[in-house]
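What follows is one structure encoded as structure tokens, with my remarks underneath.
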Amino acid sequence: MPVCRRPGRQGKGRTSKEEGRRRMSEERGEIYDCTSENVRNLVLEEAARTLADGELVVMPTDTVYGVAADAFSPRAVQDLLAAKGRGREMPPPVLIARPAALDGLAADVHPQARALAEEFWPGALTLILTAQPSLDWDLGETHGTVALRMPDHPIALQLLERTGPLAVSSANRTGMPAALEAAAAQDMLGGAVAVYLDAGRAPGGEASTIVDTTVSPFRVVRQGALPLERLRQVVPDLAADEGGAG
């Protein structure tokens, strides 16, 4: 399994930038082992550069592997949707490294939404919020909202600290099983993804619970790892769509 080498590594008679382009072209879609602390920083630095260049990266999360794009690159987000075989009507959520990013990406955050984030982040809770109108991004047909989550996975958080917000969706073709290993994601997404970060088998289990905080009362629109009862300890009048609390 390949491990990360610096893109700037120079070959004879070749500039570091040329070498980087050559190597990334040759190794496009390769799996990079980030389980070893000895190479993890190099792996994450390369993944961050790859995302900044508008390419896609598969990353581990606390549920399943996700495919990530720079949230502020419309082309990269469109490439993410195309890789999954998904249209703009299903925009990806955005992962963040810390709760403080909430106010930079969302407007008019309700105190109860903030309380949910404080209680359950990092973790399996996605909040639908009103997007900051000044943000220059295009995640798809969001109708002025953004779905935010802070994952509970150290490598995901270390990558997000380097990159800022990332649009992330499960690393699989639409209709296929979610990937619990980097190799499974590679089998489905192949060369559409530039870098696959391998952190071992993902925990799997249920997806995140999604709460829409743009309506009153707040509503669970997808039940997941966090049960309704726990959420209602923070927001007592939390509603649920039919089947959303199943």
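Taking region 196-232 as the range and being in contact with a helix residue (DSSP H, G or I) (Cβ under 6 Å, 6 or more places away or on another chain) and of a type in the set (G, A, S) as the test, only A199 passes.
Of all residues in region 151-168, those satisfying the criterion of being among the hydrophobic types (A, V, I, L, M, F, W, C) and in contact with an Asp or Glu (Cβ under 9 Å, 6 or more places away or on another chain) are A156, L166, A167. Test A183 against the stated conditions and say whether it is touching a residue at least 12 places away in the same chain (Cβ under 8 Å), under 28 Å from G87 (Cβ atoms) and surrounded by 20 or more Cβ atoms within 10 Å (Cβ to Cβ). Answer is no for this residue.
Is one or more of the residues making up region 200-218 on the phi < 0 side of the Ramachandran plot, touching an Asp or Glu at 6+ places or on another chain (Cβ under 8 Å) and buried (at least 19 other Cβ atoms within 10 Å of the Cβ)?
yes
Looking only at residues of region 229-246 that are modelled with pLDDT of 95 or more, aliphatic (A, V, I, L, M) and within 19 Å of G123 (Cα to Cα), we find that the one that is surrounded by the fewest Cβ atoms within 10 Å (Cβ to Cβ) is V234. Within region 67-88, at least one residue is crowded, with 24+ Cβ neighbours inside 10 Å and over 11 Å from S169 (Cα atoms). For region 54-104, filtering for residues that are over 15 Å from M188 (Cβ atoms), over 10 Å from the mean Cα position of the chain (by Cα) and of a type in the set (G, A, S) leaves 8.
The values are calculated or read from the model by the stated rules, or taken from the named source; none is laboratory data. Keep in mind the model is a prediction, meaning the values are calculated, not measured. Using ideal geometry, Cβ is built from the backbone for each residue, glycine included, and neighbour counts are taken over all protein chains shown.
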